[in-house]
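Have a look at the structure below before the remarks.
The values are calculated or read from the model by the stated rules, or taken from the named source; none is laboratory data. The model shown is predicted, which means the values in this text are computed figures rather than measured ones. All Cβ positions, glycine included, derive from the backbone under ideal geometry; neighbour counts span all protein chains shown. Note: areas computed on protein heavy atoms with side chains; ligands, DNA, RNA excluded. Shrake-Rupley method; radii C 1.70, N 1.55, O 1.52, S 1.80 Å.
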Amino acid sequence: MPPRALKPWDAPFPAISYSESQERRRRQCARAHYHAVYTAHQGWRAPPQSDAWRAYRLKKAVPLQAAIGIAVHDAATHCVMALREGRALPTFETLRARAALTLNIRWRNSRTRRHAFLQAPNQVPVFLEALYGDGPSREALERAALTLDRALAGLLCCETVWEWVRSAAPDDVILMDPFASMSLTTIDGQTTCFGSADLIVRPRADALWHIIDFKTGSADGVVDQIMTYALVARSVLALDIPRGCLGVIVSLSEAPSNAVGVFTITPEDLVEAEERLSHLIGQLRTLIADQRTGQPMALEAFPMAAKPSQCRWCTYRALCHPERVAESSVLAPLIAARSE
C-alpha cells in the first residue's frame, strides 16, 4: 500500500496557499507573514514557551478592531438569513445585543482567563491587547463601541442591498463557506486560493450576480479582493457568469448613511484577475527554499516592515521585539524564561 498522505497539520511545513488578507499582511511586513504562516505552524503542540507555542497563541488572539469587524459581519449574515427566510430585518437593538454578547465574553476572558487561554487558545477567546498588558483600555473600548454602533446602523440602512435580497429567489441568495477555496494551476504546480464573499445575490433570474463585500474599515485593495471572491465563487459554486458579474462595496464606516459602490466585472477582468493571482503566487514561491516540502527560506529572507512604527501594533511584536513587552503582559514571564 502507498504511504498515507500527511494531514496538513502533520506536515513539517504548511502547503503554500493564497488569500487577499495573507497577501496584504506580506506586503505590510514579510516578517509578520513568516511568523503567522511558518513560526505558528504546529504551535498547538509545540513545547511551552517556544517561539512556535507563542506565535500560535498570538495568532489565535483577536485585536479589538478585528473583533468588531467579526461582530459586524456576523450581524450582516443574520440580516441576510432573516430576509432569505421571509422575515423582517432585525432591529438595531437585536443586532447590538447579539454583538455585545460575543464581545463581552471575549472581554471577560481577557480580564480573568488569560492563563486559561494560554493552555487552550481554541477554547477561550480573548483580545490580543490582553496578552500585551491589561488592555483593551477603556478609551479603546469606547472608540470601538462607537465604531460598532455606526457600522450596525449603516448595515440596517443598506436598503439597496436588502431590496436585492428580498427580490431574489432563496437559492440565489448565497452565503459562502468562510473557508471557500479553489485550486489555481500555475507553471509551478497547484496552489489553494482562499476567498469568501460576504454575500452573493442575483436579484432576478436575468440579472448579473452581485459579489458583495461589507467593509467596516479601509477599502484599500477591495476591488482586487472582490475579483478573487468572484474567481473562487465561479469555481466553488459553479456560478454561470459568462457575461461577467457586479462587484459591490458596502462601506459601513460612512456616516450618516452607508455608501454602496457598484462596479462591473467583465470576463476579461476575471482573466486579468487570474493572471494577477498567478503572478503573486509566483512571488510567494520565491520565498520557498524547497518546493517539494514547502520549507521556507531563512528568516532573514522575510524582512521587517520598513516603518518601525508599524511594529507597535503588530500581532507578533513579542517575537521580534521582546524587550518592548510590558512587565504587566501575560507574555512577559514566558519571554523572561526563554532568555534564561
Hz values of 3J(HN,Hα) by residue in segment 264-281 - Karplus curve (6.51, -1.76, 1.60), Gly and Pro given as x: 8, 10, 8, x, 5, 4, 5, 5, 5, 5, 5, 5, 4, 4, 4, 5, 5, 5
Once the Cα atoms of segment 188-332 are picked out, what are the Rg and Dmax in Å? 20.0, 62
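Please report, as a whole percent, how much of the solvent-accessible surface of the chain comes from carbon and sulfur atoms (probe radius 1.4 Å). Before the final figure, lay out the partial values.
On the way: 9500 of 17650 Å².
Carbon-and-sulfur percentage of accessible area, whole number: 54.
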So which aspartates and glutamates can Lys60 reach, going by Cα to Cα under 13 Å and dropping same-chain residues fewer than 8 places off? Glu129
Near Pro178, within a Cβ-to-Cβ distance under 12 Å, what is the net charge of the other residues, with Lys and Arg +1 and Asp and Glu -1? -3
What list of ³J(HN,Hα) couplings, whole Hz, do you get for segment 120-134 from phi and the Karplus terms 6.51, -1.76, 1.60, once you set θ to phi - 60° and write x for glycine and proline? 9, x, 7, 10, 10, x, 9, 7, 4, 4, 6, 7, 9, x, 9
Could you list which residues have their amide H under 5 Å from that of Leu199, counting only those 5 or more apart in sequence or on another chain, with H placed in the peptide plane? Ile212
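What order do you get for 136-142, 198-204, 318-324, 163-169 when each peptide is scored by the mean count of other beta carbon atoms within 10 Å, highest first?
Details: 136-142: 13.3, 198-204: 20.9, 318-324: 15.1, 163-169: 17.1.
So the peptides 136-142, 198-204, 318-324, 163-169, ranked by packing, come out 198-204, 163-169, 318-324, 136-142.
Keeping every protein chain present and rolling a 1.4 Å probe, give me the accessible area per residue for segment 95-232 in Å².
Ligands and nucleic acids excluded, the result is 47 Å² per residue.
Using 0.36 nm times the number of residues separating Asp224 and Ser253, minus their current alpha carbon distance, what extension gain do you get?
Values: separation 29, 0.36 × 29 = 10.44 nm, distance 1.98 nm.
Additional length available on full extension: 8.5 nm.
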Equivalent ellipsoid semi-axes for the chain, as square roots of 5 times the alpha carbon gyration tensor eigenvalues: give them largest first, rounded to whole Å. 35, 28, 17
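So how do 109-117, 306-314, 205-213 stack up, highest first, on mean other-Cβ count within 10 Å? Write down the numbers at each step before the final one.
Values: 109-117: 16.0, 306-314: 11.8, 205-213: 18.3.
Going by the mean number of other Cβ atoms within 10 Å, highest first, we get 205-213, 109-117, 306-314.
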Given points 7 Å out from each Cα along the Cα-Cβ axis, report the Ile105 to Ser235 separation in nanometres with one decimal. 3.3 nm
How much net charge surrounds Gln283 when only other residues with a Cβ under 12 Å from its Cβ are counted (Lys, Arg +1; Asp, Glu -1)? +2
Two-decimal Rg to Rh for segment 178-273 - Kirkwood Rh, Cα set: 0.99
Give the ranking of Asp240, Asp269 by solvent-accessible surface, highest area first, calculated with a 1.4 Å probe. Asp240, Asp269
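Note down the net charge around Arg312, summing +1 for each Lys or Arg and -1 for each Asp or Glu among other residues with Cβ under 13 Å from its Cβ. Don't skip to the answer; put the middle values down first.
Numbers: positive: Lys307, Arg317, Arg324; negative: Glu129.
Once positives and negatives cancel, what remains is +2.
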Report the antiparallel proportion of the DSSP beta bridges in the chain as a percent, rounded to a multiple of 5. 70 percent
Reachable aspartates and glutamates from Lys307, Cα under 15 Å, same-chain residues fewer than 8 places away excluded? none
Give the shape of segment 106-188 as rounded, prolate or oblate, defined through the alpha-carbon gyration tensor: a ≥ b ≥ c are the square roots of its eigenvalues, a/c under 1.5 means rounded, and otherwise the shape is prolate if a/b is larger than b/c and oblate if not. oblate
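Would you please give the FRET efficiency between Glu85 and Ser21, computed as 1/(1 + (r/R0)^6) with r the Cβ-Cβ distance and R0 = 30 Å, to the nearest 0.05? Display every interim value, and only then the final one.
Values: r = 30 Å, r/R0 = 1.01.
Working from the Cβ atoms, E equals 0.50.
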Kirkwood Rh and Cα-based Rg: tell me the resulting Rg over Rh for segment 44-189, rounded to two decimals. 1.07
